[in-house]
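Below: one structure, written as structure tokens.
Read-outs: derived from the displayed coordinates by stated rules, not from any lab. Remember, predicted model here, so these are calculated numbers, not experimental data. Neighbour counts are summed over all protein chains in view; Cβ atoms, including those assigned to glycine, are modelled from backbone coordinates with ideal geometry.
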Amino acid sequence: MEVFHPIPLDVMQIGEKTVVDLFILHEGRHMPFLGTDGVFTREHLAELSRFGITKVYIRGGDARAFEKYVHDFSEMILNDPTIPPRVKEATFYVSASHALRKAMIDPGQERFEEIRKTIRPMLRNIMVNKVLLNDLFAITEHDFITYTHSINVGIYATALVMNLNGGENAASMESLERQCYGYFLHDIGKCMMPLSILKKPGKLSEEEWVVMRKHPQWGYAILMETGFLTDEAAYISMQHHERPDGSGYPFGMTDIHPCARICAFADIFDALISERPYKSPMKPLDAIEVLKKEIYTDFDRTLVDTFTRMLGLNEEQMPLPRVAAGM
Ligand SMILES: [Fe+2]
Ligand SMILES: [Fe+2]
């Protein structure tokens, strides 16, 4: 059976060719709406909106071509002050997924430069308009491709930083940008792992865990080689699986950088609320209860309190059952 992916209508470019076939869902069936190379017009948008349609569908096999289409326009969209936040959020999500997927297949400076091009204007938008971040937080359900785990963790961690201390003394743009490379790329070391482990539809064996525990060091090495290793990204990539009681990996260290703790909480949260072949997704507020068991320090407590407050703001928007990449 053919697989179709939903895509938010907001990422469609008016007046541009679609590059893939578009479908709409009608009475449970995917009906052709606009063929490849058809120009998506304002009339198309009006027609869909009239029927309350907010999503179109593409074939699963077209996902990469479509991501590229969105990514090609993303810099212009994210930098344009006249484009509504909703459109920017959807564009950022698809575009960042595209850049991250490519970086994980072939991690190199050029790839990371593409991620920078997506993250930097998005952060600028977030700094001037925090509402955007709340919406971005809720958009994480827009999942039709892999690598969403990295984006989700990047979004949750950025939201945590921005909301720490009740949003007072928020990080500067430069500091946030240095951290963000770490959050969005925290699992980049997994690109060195065999797919048989990465995509295993069940729990890992002890031998497989030995390999898994290496991804923080591999990530650190990749970021260093490509010149993307900010101080913060170094701590985040290396320490996001360390735990203050020494039970983490790769070194079992107890003195953990605050940015790595922020990443750890975002990481655990996304894993808990994601569907896996061997477990159902947890409700966000239940996931918070699990996070509370990870509190070792006053800073940890502050992070969980901040997370709880953020979810309170978005609670009704937050049922996010979906399949995500591994922790
Ligand atoms: Fe990880
Ligand atoms: Fe992770």
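Overview of results
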{"read-out": "Residue exposure sequence - 30, 186 - by fewest surrounding Cβ within 10 Å", "value": "30, 186"}
{"read-out": "Normalised contact order of the chain, rounded percent, pairs of Cα under 8 Å and 6 or more residues apart", "value": "14"}
{"read-out": "Cα gyration tensor of the chain - equivalent ellipsoid semi-axes, whole Å, descending", "value": "33, 22, 20"}
{"read-out": "Region 228-306 - convex hull of alpha carbons, volume per residue in Å³", "value": "111"}
{"read-out": "Of 68/102; 199/293; 55/190; 200/292; 88/117, those spanning more than 20 Å from alpha-carbon to alpha-carbon", "value": "199/293; 55/190; 200/292"}
{"read-out": "Cα-based helix-to-principal-axis angle, 258-273 vs the chain, degrees rounded to 10", "value": "50"}
{"read-out": "Crossing angle, helix 215-225 versus the chain [Cα axis fit, 0-90 degrees, rounded to tens]", "value": "70"}
{"read-out": "Gaussian network model of the chain, Cα within-10 Å springs - most flexible of 53, 77, 188", "value": "53"}
{"read-out": "Fraction in percent of alpha-carbon pairs per bin - 10 Å, region 148-327", "value": "10, 38, 39, 13, 1"}
{"read-out": "Helix-only [θ]222 nm of the chain, DSSP H runs n ≥ 4, -39500 (n - 2.57) each, per residue, nearest 500", "value": "-17000 deg cm²/dmol"}
{"read-out": "Chymotrypsin sites (Phe, Trp or Tyr not before Pro) restricted to region 1-53 and DSSP loop, no more than 14 other C-beta within 10 Å", "value": "51"}
